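A short worksheet on the structure shown next.
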Amino acid sequence: MGKRLRKPIKKEKDFSEKIIKILSQNANKAFNFKQIGSKLELDDTESRNQIIKDLKILASQNKIIESEPGKYLIKAASQDYYEGKIDMTGRKTAFFVCPDLDDDVFIPTANLNRALDKDIVKVYVYNRRKGKRPEGEVIEVVERHKTDFVGVIDIQKNFAFVSTANPKMYTDIFIPKDKLGEAEQGDVVLVHIEDWPKRADSPFGTVTKVLGKPGEHDTEIHAILAEYGLPSEFPIEVETFAQKIDTSITAAEIANRRDMRDTLTFTIDPKDAKDFDDALSFKKLENGNYEIGIHIADVSYYLEEGTILDDEAYQRATSVYLVDRVVPMLPEVLSNFACSLRPQEEKYTFSAVFEISEKAEVLNQWFGRTVIFSDQRFAYEEAQYIIETKDDTIPEETSITGSSYKVSPEIVAATLKLDELAKILRRKRMNDGAISFDKVEVKFNLSEEGEPEGVYFKVSKDANHLIEEFMLLANRKVAEFIGKQKKTFIYRIHDEPNEDKLFAMQALISKFGYKIDFSQGDVSKALNQLMADVNGTKEQNLIDTLAIRSMSKAKYSTDNIGHYGLAFDYYSHFTSPIRRYPDVMVHRLLQHYLDGGKSVDEELYETKCLHSSTMEGLATNAERDSIKYMQVKYMQDHQDQEFLGVISGVTEWGIFVEIIENKCEGMVRIRDIKDDYYTFDEKQYALVGATSHQLLQLGDEIYVKVKNADLVKKQLDFNFLRRVNEPIN
């Protein structure tokens, strides 16, 4: 990395921002320099002279008005000043988003005034005349969205700079020599921004953690977590507290619960699962109906409110599932042992027990604390084998133990009946307008060192749907039970899709020859038809992704608006308390109301919902980044190989290509397409050759080869080789 010649600019006094803030907060009142000095608690001569100077500069810039000699007002009172959020769409492009404005406001780079992506800011909006795009200037950064950043450090003689790979971070961070910590040249570090002086090009920061050398596996995984403010380990005091919890099953506690240890019970989970937080029980009743129990680990029994363990779980709010590891919400003693519904062990559970008819109608329901004994642990593949063959002997190639074994007739019969009922429940959901997103999940075969050796795709089959339908049933019925009592509760809500996004998607998928038929007015039915049409095609992953992006995001809230995607009027998260804190809160509230408790403080729980939704979003981003990282790492070892890909995006600087066989996506830059000079045609959503007039457009198949695989930026660059059916040169 080349040495920088730039030196940090010395901090100088400047009160412009503070003056604007004072005048903005008192929009109809004029102030002189003494009154402003008093508000800033400054009375020395140097500071007062600077205030006088800054007032004159701001007046000359037309930001404030000298309403009478020596007295100043904020310009246009407050009518042109708005509070909202900065949305950086690149390193040099920013918009101001405010619910009080009809349009997003363009913020020129020079007018950002040290605001960063997603900061809450106060903005002065100008050019609001009809037909002109509104522009604005950041007057004040009200609240920083984040102050901790991950980057690579470049150490000079007396100072250092940290550059981030974040495409929305337009500045590097200046590190004084005494704030370097243990960092060495070229390290990946976590830095905390402490200040950004008015006349400094860069914010000033401190190195808080050294993550390692760029490109090293653990460094990059820890960098992903650190970038989103997610922990990589538990504080020692939390681990110590967890280790001291009494996890024994006692006769006294069993007496407080419904004892279901004699009812046939089993779990169905991924073959590599470490924690099992849900189990199903099955019993045929004398009246011909079925008693089906959905049993969930009773985490709230061990996780007492107000403890450091509960505080830590709340702050995390969710487990994070990276490609090569899980960062759990709870320490291992709980997540993998005490709360995990392991076979041949008695466990405390919180259960939803239903009497269900042959037609999958719920005739009776019961909610409460139970104790169970799991008779069998299945992987999805084993349960799927039973469903497909009705055979009671699991062959060694399907078995998670690696050797064949026999399943009891009772479990085979229960699995087949549960599958039958699940299919009825699923059909009902689809008929009610639920949307079926069976998006292909990219998975990796990893070596013992965590290196990607192969890529495969996870596809949901009947066994997955079996578990899904009964978990959905429990979640829906718990939410309905409390919702109809009109008491404060935590719901999982999902709003209707955005119409503009749907029409934008329509324009894109038409390039592949598909359309969404809105003529009947049933959007969910039209989307389901689209999902069925693209199933198994080369463009399925891309169109599934486009469809999901057109939908609103599901989130947690005390305000129940229903769940559009599932077509449920009431829906909550009850079934995964080992990995989701909202489920823990749902268990606590359900027990509180079962005990006759009064409705709890809605505002308090709405705050908790907002936190949980935010943390879920960060975890999702980290998980997505870990997949991108592993895809880049996998492609590093395939640089000499030709791949067939489909064009998944077109921009003015190049085309995005998704490789069909492994779903890895990269960019072919326009300058690297050598067979013609191409320009971007926005209307056709294509690159057009100047001489040949040939198109490279969304959905076209082309051959590519890896040009560059950047582990730090998690980016792939491809070289364009040729179109399909084009001869090899």
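Contact map, region 351-378: first residue closer than 14 Å to ASP277 by Cα, second residue of a type in the set (Gly, Ala, Ser) and surrounded by fewer than 19 Cβ atoms within 10 Å (Cβ to Cβ), Cβ cut-off under 6 Å, separation 6 or more or different chains; the map is empty. Just to be sure, is GLU220 of a type in the set (D, E, K, R), open to solvent by less than 20 Å² (accessible area, probe 1.4 Å) and either under 30 Å from GLU332 (Cβ atoms) or modelled with pLDDT of 95 or more (or both)? Against the criterion (of a type in the set (D, E, K, R), open to solvent by less than 20 Å² (accessible area, probe 1.4 Å) and either under 30 Å from GLU332 (Cβ atoms) or modelled with pLDDT of 95 or more (or both)), GLU220 qualifies. Residue count for region 542-558 satisfying the condition of being more than 17 Å from the chain's Cα centre (by Cα), at pLDDT 95 or above and outside any loop (DSSP other than H, G, I, E, B): 0.
This table checks each residue for (1) under 23 Å from the mean Cα position of the chain (by Cα); (2) assigned to a helix (DSSP H, G or I); (3) crowded, with 18+ Cβ neighbours inside 10 Å.
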position: GLY402; (1), (2), (3): no, no, no
position: ALA413; (1), (2), (3): no, yes, no
position: MET430; (1), (2), (3): no, yes, no
position: PHE457; (1), (2), (3): yes, no, no
position: VAL478; (1), (2), (3): no, yes, yes
position: LYS487; (1), (2), (3): no, no, no
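With surrounded by fewer than 18 Cβ atoms within 10 Å (Cβ to Cβ) and either touching a Phe, Trp or Tyr at 6+ places or on another chain (Cβ under 9 Å) or not in a helix (DSSP H, G or I) (or both) as the only criterion, which of GLY306, GLY293 stands out? One residue alone meets the criteria, GLY306. Once region 489-529 is narrowed to residues that are touching a Lys or Arg at 6+ places or on another chain (Cβ under 9 Å) and open to solvent by 60 Å² or more (accessible area, probe 1.4 Å), the residue that is farthest from LEU594 (Cα to Cα) is ASP517.
Do any strands (runs of 3 or more DSSP E) entirely within region 616-729 hold 2 or more residues that are of a type in the set (S, T, N, Q) and open to solvent by 10 Å² or more (accessible area, probe 1.4 Å), and if so, which? Explain how you work it out, then say what you get.
Numbers: elements: 643-651, 654-659, 665-669, 678-681, 686-689, 695-697, 701-710, 715-723.
Filter on region 616-729 gives 643-651, 715-723.
Of the residues making up region 311-339, those that are under 22 Å from HIS611 (Cα atoms), assigned to a helix (DSSP H, G or I) and open to solvent by 10 Å² or more (accessible area, probe 1.4 Å) are ASP311, GLU312, TYR314, GLN315, ARG316. Among the residues of region 25-59, those identified as within 48 Å of the chain's Cα centre (by Cα) and among the basic types (Lys, Arg) are LYS29, LYS39, LYS53, LYS56. A single member of LYS53, LYS63, LYS71, LYS85 is surrounded by 13 or more Cβ atoms within 10 Å (Cβ to Cβ) and in contact with a Cys (Cβ under 9 Å, 6 or more places away or on another chain), and it is LYS85. Going through region 670-729 one residue at a time, which ones are within 16 Å of VAL650 (Cα to Cα) and among the β-branched types (Val, Ile, Thr)? ILE670, ILE673, THR679, VAL688, ILE702, VAL704 - these are the residues of region 670-729 that are within 16 Å of VAL650 (Cα to Cα) and among the β-branched types (Val, Ile, Thr).
Output the number of the condition that ILE561 fails; it satisfies all remaining conditions of (1) touching a helix residue (DSSP H, G or I) at 6+ places or on another chain (Cβ under 8 Å); (2) in a loop (DSSP other than H, G, I, E, B). All conditions pass for ILE561, except number (1).
Pick from VAL191, VAL150, VAL207: which is under 25 Å from the mean Cα position of the chain (by Cα), in a strand (DSSP E or B), among the aliphatic types (A, V, I, L, M) and farther than 29 Å from ILE20 by Cβ?
On the way: VAL191 fails: farther than 29 Å from ILE20 by Cβ; VAL207 fails: under 25 Å from the mean Cα position of the chain (by Cα).
Residue meeting the stated conditions: VAL150.
Scanning region 595-615 for residues that are open to solvent by 50 Å² or more (accessible area, probe 1.4 Å) and assigned to a helix (DSSP H, G or I) turns up GLU602, GLU603, LEU604, GLU606, THR607, LEU610, THR614. Under the condition of being open to solvent by less than 30 Å² (accessible area, probe 1.4 Å) and touching a Lys or Arg at 6+ places or on another chain (Cβ under 8 Å), which residue from region 555-569 is nearest to MET430 (Cα to Cα)? Applying the filter and picking the extreme gives LEU566.
Being in contact with a His (Cβ under 6 Å, 6 or more places away or on another chain) and free of Cβ contacts under 8 Å to residues at least 60 places away in the same chain narrows it down to one residue among ASP100, ASP104, ASP119, ASP80; which is it?
Numbers: ASP100 fails: in contact with a His (Cβ under 6 Å, 6 or more places away or on another chain); ASP104 fails: in contact with a His (Cβ under 6 Å, 6 or more places away or on another chain); ASP80 fails: in contact with a His (Cβ under 6 Å, 6 or more places away or on another chain).
Being in contact with a His (Cβ under 6 Å, 6 or more places away or on another chain) and free of Cβ contacts under 8 Å to residues at least 60 places away in the same chain holds for just one of ASP100, ASP104, ASP119, ASP80, which is ASP119.
The values are calculated or read from the model by the stated rules, or taken from the named source; none is laboratory data. Just so it is clear, the model here is predicted, and its values are computed rather than measured. With ideal geometry, Cβ positions are generated from the backbone for all residues, glycine too; neighbour counts draw on all protein chains shown. Surface accessibility is based on the protein's heavy atoms, side chains included, excluding ligands, DNA and RNA. Shrake-Rupley method; radii C 1.70, N 1.55, O 1.52, S 1.80 Å.
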